[in-house]
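The values are calculated or read from the model by the stated rules, or taken from the named source; none is laboratory data. Here the structure is a predicted model, which is why all the values come from computation and not from measurement. Neighbour counts are summed over all protein chains in view; Cβ atoms, including those assigned to glycine, are modelled from backbone coordinates with ideal geometry. Keep in mind that these areas ignore ligands, DNA and RNA; they rest on the heavy atoms of the full protein, side chains included. Shrake-Rupley method; radii C 1.70, N 1.55, O 1.52, S 1.80 Å.
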Amino acid sequence: MWDIRKVYRENHSGKNEVVSMTLVGSEYNNTEVSIRWDGCINLWSYYNGYSPDDEDSKEKGENCHYIHMCDIDDMINKLTELKKIAKENFSEKYYKEFWDNNDENSLSKE
């Protein structure tokens, strides 16, 4: 699911420790993530045909969503709650078609 593109290391106390990594989503090549030793994540999600491999441009920047988070569990909890609200409020047809389309851990299977 993820291809490691770059590993950043620092030499702390004689150790060559990994301090951050850049990964790209391997399935569609439209997501790039930087994960850091301190638990923070930078996530770029490209659309309209752009990918992390494209040369930086104004157009590429305008076709990208960016999220910075330092508590991934909190973000997962928030997104899970949003999915629960969608399931409770949208028709079964819309929920299954747009929200529950390919997740083996989906709420409908709880």
Leu79 accessible area, assembled protein chains, probe 1.4 Å, Å² = 100
Nitroxide proxy distance, nm - points 7 Å out along Cα→Cβ at Cys70 and Asn16 = 3.0
With respect to the cross-link table entries Lys15/Lys60; Lys60/Lys83; Lys58/Lys96; Lys6/Lys58, which display a Cα-Cα separation exceeding 32 Å?
-> Lys15/Lys60; Lys58/Lys96
(i) 14.6, 48; (ii) 17.5, 59; (iii) 13.9, 45, with the label sought being that of the calculated Rg and Dmax of the Cα atoms in Å | (ii)
Report, to the nearest 10°, how far helix 72-89 tilts away from the longest principal axis of the Cα atoms in the chain, using its own Cα long axis and a range of 0 to 90°.
-> 10
State, as an integer percentage, the relative contact order of the chain based on alpha-carbon contacts under 8 Å between residues 6 or more apart.
-> 15
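For the chain, what does -39500 (n - 2.57) per DSSP helix run (n ≥ 4), summed and divided by total residues, give at 222 nm, in deg cm²/dmol to the nearest 500? Mind showing how you got there, number by number?
Working: 2 runs with 23 residues, N = 110.
Counting only the DSSP helices, I get -6500 deg cm²/dmol.
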Which of Tyr95, Val24, Asn77 sits farthest toward the positive end of the charge dipole of the chain, with +1 on the Cβ of Lys and Arg and -1 on the Cβ of Asp and Glu?
-> Asn77
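Exactly which trypsin sites (Lys or Arg not before Pro) in the stretch 1-33 are in a DSSP loop and have at most 14 other Cβ atoms within 10 Å? Let's see the in-between values first.
Numbers: sites: Arg5, Lys6, Arg9, Lys15; in loops: none.
Filter output for the stretch 1-33: empty list.
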Spin-label pair Glu81/Asn29, simplified geometry with 7 Å Cα→Cβ offset, distance in nm = 3.8
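Working out 0.36 nm times the residue gap between Tyr94 and Asn48, then minus their Cα-Cα distance, what length gain in nm do you get to one decimal? Present the calculation step by step, with values, prior to reporting the outcome.
Details: separation 46, 0.36 × 46 = 16.56 nm, distance 2.36 nm.
Going from the current span to full extension adds 14.2 nm.
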